[in-house]
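J.: A single structure is presented below for examination.
The values are calculated or read from the model by the stated rules, or taken from the named source; none is laboratory data. Predicted, not measured: the structure shown is a model, and the values here were computed from it. Glycine gets a Cβ as well: all are built from the backbone with ideal geometry, and neighbour counts include every protein chain shown. Surface areas here come from the heavy atoms of the whole protein model, side chains and all, with no ligands, DNA or RNA. Shrake-Rupley method; radii C 1.70, N 1.55, O 1.52, S 1.80 Å.
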Amino acid sequence: MGNLQAPLPEGMGFISLPVVDFSLSHEEISRAILDAGKDIGFFQVINHGVPEQVRRDMEAVCEEFFAMPAADRESFHSDDNLKPNRFFTGSTYKNSGAKFWFDCLRLSSTFPIGDSKKDWPEKPEKLREVFERFAVQTRGMGEQLLRLLSEGMGLQPDYFEGDLGRGNMNLTLNQYPPCGDPEGVGLPPHCDRNLLSLLIPSTVPGLQFSYKGSWFTVETMPNAYIVNFGLPLQVVTNGMLKSIEHRVVTNPKESRRSVGVFITPTWDCLISPAEEFLSKESPPIYHAVTYREFYDMHGVVKDGLSSVLTISHKTAI
């Protein structure tokens, strides 16, 4: 499906996201990224140049990590949300007593990664080596995507290569165990607080996004990345690009796993509408806040809605 302008079926159906094909011409890729960003900010990338073996190795180590004895995983466990490297499960979100049906290994690093990987788990044996290779390749694809997006918007190609895209890189391994409860939630509705999310999705359906009041299940393509824009991109472009709510639902019989790499701003980066997107006809609709403030505001999930979106509408962040 090239875009979501055509009428969609009622919610909960399977939807193929817009496709960005890196084998096309420079101009065609830029236009496809921009079109998807203006529509829903979600799309799939094919022919992206990340070797299949790099992805397969990552998926294998992910499976190996979650198959380790509980004691090995628990040695890396922490409920401290401010800890950059930790394993956690059934996380309780701030100001919400709800439990969600997932396990997550979240890692952080500088970029280039360098000695940061010394803070990652020592088990499985090849975890650090495989993770670094995967993260470098995936982030490289993401940076290329941001350059093409910049050109599509008439900006300098390196527009996002300063503070907006030079915060610590985050990497997550998520596992959603089988859940027989039809109301089971893997992750609640939210918008991403990073600049750009690059995801290897599970072959088991479960990722859903909200569009015009209905939820739709993403139908994935083989060997594709799912990419979505985070809220900082929506703010910086003064609402031209979209960051929409998405969630993960559980499967009653099968586990599902996903791997994500996230490009983020630096903590002190000012997140505000950029001058390039402002005019007399298009005044700023968001206030300026640092990324640290922005990040903290995102940390509250209330009544199933993204707190950042709620705050954006109420106080125009």
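J.: Is it true that some residue in the stretch 238-255 is crowded, with 22+ Cβ neighbours inside 10 Å, of a type in the set (A, V, I, L, M) and at pLDDT 95 or above?
T.: yes
J.: Residue under question is Q5, and the condition is that it be modelled with pLDDT under 95 and more than 18 Å from the chain's Cα centre (by Cα); does it hold?
T.: yes
J.: Right, another one. Which one of these is acidic (D, E), at pLDDT 95 or above and loosely packed, with under 13 Cβ neighbours inside 10 Å: E129, E122, E74? Before you say what the answer is, go through the steps one by one.
T.: Values: E122 fails: at pLDDT 95 or above; E74 fails: at pLDDT 95 or above.
None of the others qualify; the one that does is E129.
J.: In addition: Name the residue, out of E161, E143, that is over 17 Å from the mean Cα position of the chain (by Cα) and either touching a residue at least 24 places away in the same chain (Cβ under 8 Å) or under 27 Å from D39 (Cβ atoms) (or both).
T.: On inspection, the qualifying residue turns out to be E161.
J.: Looking at (1) at pLDDT below 90; (2) in contact with a Gly (Cβ under 7 Å, 6 or more places away or on another chain), can you tell me which one V185 breaks?
T.: (2)
J.: For the stretch 153-191, name all the residues that are in a loop (DSSP other than H, G, I, E, B), under 16 Å from F100 (Cβ atoms) and either charged (D, E, K, R) or open to solvent by 20 Å² or more (accessible area, probe 1.4 Å) (or both).
T.: P177, P178, G180, D181, P182, E183
J.: Keeping to the stretch 93-110, report how many residues are modelled with pLDDT of 90 or more and of a type outside the set (G, A, S).
T.: Keep residues of the stretch 93-110 that are modelled with pLDDT of 90 or more, which gives 102-110.
With the extra rule that they be of a type outside the set (G, A, S), the set shrinks to 102-107, 110.
Here the count works out to 7.
J.: Moving on. Select from the stretch 29-49 the residues that are part of a loop (DSSP other than H, G, I, E, B) and open to solvent by 10 Å² or more (accessible area, probe 1.4 Å) and write down the one among them that is farthest from S16 (Cα to Cα). It would help to see each step written out before you state the result.
T.: Here is the first cut: in the stretch 29-49, the ones part of a loop (DSSP other than H, G, I, E, B) are 40-41, 47-49.
Filter once more, so that each one left must be open to solvent by 10 Å² or more (accessible area, probe 1.4 Å): 47-49.
On the way: N47: 17, H48: 18, G49: 21 Å.
Out of the qualifying residues, it is G49.
J.: Here are some conditions: (1) modelled with pLDDT of 90 or more; (2) exposed (fewer than 13 other Cβ atoms within 10 Å of the Cβ); (3) within 21 Å of the chain's Cα centre (by Cα). L82 meets all but one. Which one does it not meet?
T.: Condition (1) is where L82 drops out.
J.: For H26, all conditions in the list (1) open to solvent by 10 Å² or more (accessible area, probe 1.4 Å); (2) modelled with pLDDT of 95 or more hold save one; what is the number of the exception?
T.: With (1) open to solvent by 10 Å² or more (accessible area, probe 1.4 Å); (2) modelled with pLDDT of 95 or more applied to H26, the lone miss is (2).
J.: Right, here's the next one. Among what's in the stretch 266-292 and is part of a loop (DSSP other than H, G, I, E, B) and either of a type in the set (S, T, N, Q) or without any contact (Cβ under 8 Å) to a residue 24 or more places away in the chain (or both), pick the residue that is surrounded by the most Cβ atoms within 10 Å (Cβ to Cβ).
T.: To start, the set of residues in the stretch 266-292 that are part of a loop (DSSP other than H, G, I, E, B) comprises 266-269, 272-274, 278-288.
Next, from what is left, pick out any that are either of a type in the set (S, T, N, Q) or without any contact (Cβ under 8 Å) to a residue 24 or more places away in the chain (or both): 266, 272, 279-283, 288.
On the way: T266: 16, S272: 19, S279: 9, K280: 5, E281: 5, S282: 12, P283: 9, A288: 13.
The selected residue is S272.
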